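Nothing in this text is a laboratory measurement; each read-out follows from the coordinates by a stated rule. Keep in mind that this is a model prediction, so the values were computed, not measured. Note that we place each Cβ from the backbone using ideal geometry, even for glycine, and neighbour counts take in every protein chain shown.
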Amino acid sequence: MKHPVYLLNIARRTNQIQMPISIAVLTNALMEKGIDANVIDAIPIEINKREEFVSEIIPDCPAIYGFGIIAGNGHLDETEKYASILKNKNKSNIIIYGGPLPSAVPELILKHCICDYLISGEGEISLPYLINSIEKGDFYPDHPGIYYKKGDNIIGKPPARIKMLDSVSDPDYSQLNMQFYINYLKETGQAFEIMASRGCRGNCSFCFKLCGKGISFRSVDSVINEIETVIAKYSLNRFYFVDENFLENKKYFIQFIEQKRRRNLDFSFIGQCRIDSIDEEICSIGSKNGLVCVSVGVESPSQKTLSLINKGYSSQIVEEKIRICRDNGILFRANMIIGFPWDTEEDYISMIDFVHANRLEGNFKLSYLTPLPNTRLYNDAKKDGYIKDDFEYIKSLGDLYWERMVNMTSLSNDVLDLYYRKISGIGQRQVNHPKSEKYASQIKKLH
């Protein structure tokens, strides 16, 4: 019997409403392999009606259900709740977990959670392979990125990186309630999120690398095609590249700009990037062709901190790169962190001085240092006794980065929290609150 396949987007109240790019990408990847996936997106549904909504859609016959899970915000508990509903409906239902959290600790998730299978890393190749294997009666496939329980053992292979993202990684939004998401973007003035690449050459101690080492790209044509479609269908002309480092490949960036001009497309865009990817040429070309803002992980103005977290560049270049952006009319938004084990009050005072000296008031986000599974920072936190039980810790993760999970400094919690409030207050920027109740009721807190 062929199993119906469902991809579910489940979340509690969050800090913002985001279109599920990963589900759109997986929908396309499955279709490319001849698998029709049904999308159940609960986000547009009122929170207190979501369980009923899902229960009414799912069939009585055995089916395959896929969930993506991030760390924090109670996402694991919420996913487990819905997986339990599915298993109670039909014990033969097959549950697959994927996403950043399961990818970081596949054995731990399989040991403690309801899922039957787990996809680690990128899912465009491994998920269709797993589903096709199940349909052929092979319930224990030997393939990179697929994990499962077999008796008392957990079996699986580390994922293999997808080097060419075209075709399998183009998003298919056809099953999403796009009007819900587009109206939210228009109501709040936010940009349409888009992905051109995956990965980062950095090796920072606090960062989990879902895709492993290196960077993979979609073709410029594929990205521009998506942008052109969004402009035509939804009258949006602002885009946010969620890539870890959109400016990493200068040749790619210039080809992107050339294609934008060739098609005479009028849109502005924001890019996330490493600070050492910023240079005069990129900023000069970008500013003349729609690049209005870069979002950069500065982390700290302290050279000691940058060295200890293996950031890979000197603190001396930070102010130079801010100046280059400003001289070219590009807004520089910084992301910084407090809570490193060696932090002192003097470091936080220096951070405040750095913000004022570089006129970053209202244009940076401050985060609490949060040890994420399968990072060097996490291993240090375990070794030093801050994390006693792995599974209890990941279940306890709340409002990531805005809520203190652990305090690894020698400062008291009160002192650390005081500086967090003080510094983050300087960086807080004006945001547009959603006016419609259908959006406002879902927002936990605007940061």
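What is the antiparallel percent of DSSP beta bridges lying wholly in the chain, to the nearest 5? If you can, show how the numbers build up before the last one.
Working: 11 of 53 bridges.
Rounded to the nearest five, the antiparallel share is 20 percent.
Which translational diffusion coefficient, to the nearest whole µm²/s, is obtained for region 371-421 from the Stokes-Einstein equation, given a Kirkwood hydrodynamic radius over C-alpha pairs, 20 °C and 1.002 mPa s? Please report the intermediate quantities before stating the final value.
Details: Rh = 11.8 Å.
For the chosen part, D equals 182 µm²/s.
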Quick query: amide H of residue 7 versus all other amide H atoms, modeled in the peptide plane; which residues come in under 5 Å with a sequence gap of 5 or more or a different chain? 38, 39, 40, 66
Residue-by-residue Karplus 3J(HN,Hα) for region 296-313, coefficients 6.51, -1.76, 1.60, Hz, glycine and proline x: 10, x, 6, 6, 6, x, 7, 5, 4, 5, 4, 5, 5, 8, 6, 5, x, 8
HN-Hα J in Hz across region 282-292 - Karplus 6.51, -1.76, 1.60, θ = phi - 60°, x for Gly and Pro: 4, 5, 5, 5, x, 5, 7, 9, x, 6, 10
Local charge sum around residue 97 (other residues, Cβ-Cβ under 10 Å, Lys/Arg +1, Asp/Glu -1)? -2
Filter on 2/150; 209/288; 2/87; 91/136; 111/365; 87/136 - keep pairs with C-alpha separation over 25 Å: 209/288; 111/365
Equivalent-ellipsoid semi-axes of region 191-431, from the Cα gyration tensor, Å, largest first: 33, 21, 16
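Using just the alpha carbons, could you tell me how many Å³ per residue the convex hull of region 1-74 encloses?
Working: hull volume 7.4 nm³, N = 74.
Each residue corresponds to 100 Å³ of Cα convex hull volume.
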Tell me which residues come under 5 Å, amide H to amide H, from residue 121 once H is placed; ignore anything under 5 positions away on its chain. 99, 103
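Which whole-number percent gives the relative contact order of the chain, counting Cα pairs below 8 Å spaced six or more residues apart? Mind dumping the intermediate values first?
Details: 774 pairs, mean separation 67.0, N = 447.
Relative CO of the chain lands at 15 percent.
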Scattering profile of region 155-195 at q = 0.17 Å⁻¹ [log10 I(q)/I(0), Debye over alpha-carbon scatterers]: -0.69
Would you compute the Debye intensity of region 5-156 from its alpha-carbon atoms alone, equal scatterers and no solvent, and pass along log10 I(q)/I(0) at q = 0.10, 0.12 Å⁻¹ to two decimals? -0.32, -0.46
Give the average over all directions of the projected area of the C-alpha convex hull of region 302-441, one decimal, in nm². 10.7 nm²
Neighbour-count ranking for 82, 420, 313 (other C-beta within 10 angstrom, fewest to most) reads 313, 420, 82
By Cβ neighbour count within 10 Å, fewest first, 75, 356, 3 rank 356, 3, 75
Tell me, 152, 170, 138 in order of fewest to most beta-carbon neighbours within 10 Å? 152, 138, 170
Non-local amide H neighbours of residue 239 (under 5 Å, H modeled in plane, Pro and chain starts lacking H): which ones? 192, 268, 269, 270
Report the normalised scattering of region 51-97 as log10 I(q)/I(0) at q = 0.28 Å⁻¹, calculated by the Debye formula with identical scatterers on the alpha carbons. -1.11
May I have the convex hull volume per residue, in Å³, for the Cα set of region 229-273? 70 Å³
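So what's region 336-403 giving for Rg/Rh, alpha carbon basis, Kirkwood Rh from the mean inverse pair distance?
On the way: Rg = 14.6 Å, Rh = 13.7 Å.
Rounded to two decimals, Rg/Rh equals 1.06.
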Which of 442, 293, 39, positive extreme of dipole for the chain (C-beta unit charges): 293
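I need the fraction of alpha carbon pairs in the chain separated by more than 31 Å, rounded to a whole percent. Working shown, then result.
Details: 43662 of 99681 pairs.
Cα-Cα pairs in the chain separated by more than 31 Å: 44 percent.
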